[in-house]
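Have a look at the structure below, then the notes.
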Amino acid sequence: MGKNKTFCICAALLCIAVLTISCICGCGGLDNHSTVSQSDVSDTDVTPTDAIFVPEVHIEGIELPEEFGSGLYNAQAAFWLINEVRDREGLPPFETGDEALEKAASTRLYEIAEDFSHTRPDGRDNKTALEENDVKYLSCGENLAEGQYTAEQVVYDWLNSPTHREIILDSKFTHASIICGSDQDGKGYWVLLAYEAEIEE
């Protein structure tokens, strides 16, 4: 395994908080950059001290708009890329703007900076973060990533991991949230939560 680690769980959610909205706040040494996640690592491995070096990783056939710049710690850019990939596969885009989902993703961001795992620090399943925030879902999923700097890098790694790719391209999931942040050494953390909404009667 390399230093970039991505893990995913097919139980859960996406309204792009992966695990990111443009804001910066500090909590436990983590900078939250934006809200809008195990594969064998790609050739884009970097170390936390390589902050100046940003690997040039691109998703074939998709060009990141100039408005996102380099996509550095940019969850909105990651959300845009994922919806472009879904469109290419004939799937509808993930819906965003679910504040409850964004709160759940933000919670998970700080938790994985403490303990990088799909299991929460207190031992509970990650989907309980959705339940605590009253997210109503039929099924949900979580993608995590650690060590990636840019939106293209993290989405590239997720797409090259079958389990992460499955969550991104799950036709049942309608809402998503992505949030990202970095620690004091510049090491990136990313969370994507997606879910299948309950049908209102």
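No value in this document is a laboratory result; all are computed from the given coordinates. Predicted model only: the values in this text are computed from it and were never measured. Here the Cβ is made from the backbone with ideal geometry for all residues, glycine too, and neighbour counts use every protein chain on show.
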Given the Cα-Cα distance of Glu63 and Lys172 and 0.36 nm per residue of separation, how much length would full extension add, in nm?
36.6 nm
Given contacts defined as C-alpha pairs under 8 Å and at least six residues apart, what's the relative contact order of segment 44-178, whole-number percent?
39 percent
Rounded to whole Hz, the Karplus (6.51, -1.76, 1.60) HN-Hα couplings of segment 72-86, x for glycine and proline:
5, 6, 10, 6, 4, 5, 5, 5, 4, 4, 5, 5, 5, 5, 4
Once you place label points 7 Å from the Cα toward the Cβ at Asp87 and Asp122, how far apart are they in nm?
4.1 nm
